[in-house]
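Right, one structure below, let's go through it.
Since every read-out is calculated from the coordinates, none of them should be taken as a lab result. All values derive from a computational prediction rather than experimental measurement. FYI the Cβ positions are ideal-geometry reconstructions off the backbone, even for glycines, and counts take in every protein chain you see.
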Amino acid sequence: MKTIRLNEVCKSCGGTGLYVGMGEHDGAAVVCNKCYGSGFHEFIYEYEEYIEKKSPDPVIERVFKCNPGICIGGDLEEFGGMSVKDWQAGQPFPPGSEDRKHTCPCWWQQNSEGKPLNWKACRQNLGRRFSECKHFKTKEMCWDRFDGENQ
């Protein structure tokens, strides 16, 4: 375990040791309760130096690109993903490894890539939840479109 220690200016009092907040007026100040009047904060960070990627827990069988906000368990293959062995070997997630049974492309893309699809049909039909979209029950058609656009 390695440690980084350094003294930094106290963010609460700006290094003065005195704090002036909404309760102190007309020249009043209190001793800063973050640095106790010293004006500094000792920053301590302990870490393990990275040497190489460690092996995952042996109970892990399958890896998923993201979790779109559902509980993953049971028959893991129904949620997409790839084997932990392929992931450890550096293989990319194969096409079709998205959780197509429980999500639509718009839902998946927002969670996995951080950039939602800009499909007009999604923007017009999306309710408070992706599953409220009028196309959600036929999301296989949406996945077909997604595959066609992402070949």
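Taking the charge dipole of the chain about its Cα centre, with +1 at Lys and Arg Cβ atoms and -1 at Asp and Glu Cβ atoms, the residue from Pro105, Val59, Leu18 reaching farthest to the positive side is Pro105.
When only the Cβ of Lys, Arg, Asp and Glu is charged (+1, +1, -1, -1), the dipole of segment 62-149 relative to its Cα centre reaches about 440 debye.
Among the trypsin sites (Lys or Arg not before Pro) in segment 71-151, those located in a DSSP loop and surrounded by at most 16 other Cβ atoms within 10 Å of their own Cβ are Lys101, Arg128, Arg129, Lys134. Exposed loop positions in the chain were taken to be chymotrypsin sites (Phe, Trp or Tyr not before Pro) whose DSSP state is not H, G, I, E or B and which have at most 14 other beta-carbon atoms within 10 angstrom. Between these positions, the longest stretch is 51-151. Sorting Leu117, Leu18 from the fewest to the most surrounding beta carbons within 10 angstrom yields Leu18, Leu117.
As a rough footprinting exposure proxy, the listed residues Val59, Val84 were ranked by other beta carbons within 10 Å of their own, and the order from fewest upward is Val59, Val84. Using alpha carbons only, how many degrees (0 to 90, rounded to 10) separate the axis of helix 139-149 from the longest principal axis of the chain? Roughly 80 degrees between the two axes. When +1 charges are put on Lys and Arg Cβ atoms and -1 charges on Asp and Glu Cβ atoms, the dipole computed for the chain relative to its Cα centre reaches about 600 debye.
Taking other C-beta atoms within 10 Å as the exposure proxy, Thr138, Thr3, Thr103 rank Thr3, Thr138, Thr103 from fewest upward. Shown here for segment 75-151: GluC sites (Glu not before Pro) in loop regions (DSSP other than H, G, I, E, B) with at most 14 other Cβ atoms within 10 Å, namely Glu113. Note on the chain: helix-only mean residue ellipticity at 222 nm, from DSSP H runs of 4+ residues weighted -39500 (n - 2.57) and normalised by residue number, equals -5000 deg cm²/dmol. In segment 62-149, the alpha-carbon atoms span a convex hull of 100 Å³ per residue. Share of pairwise Cα-Cα distances greater than 25 Å in the chain is 57 percent (whole percent).
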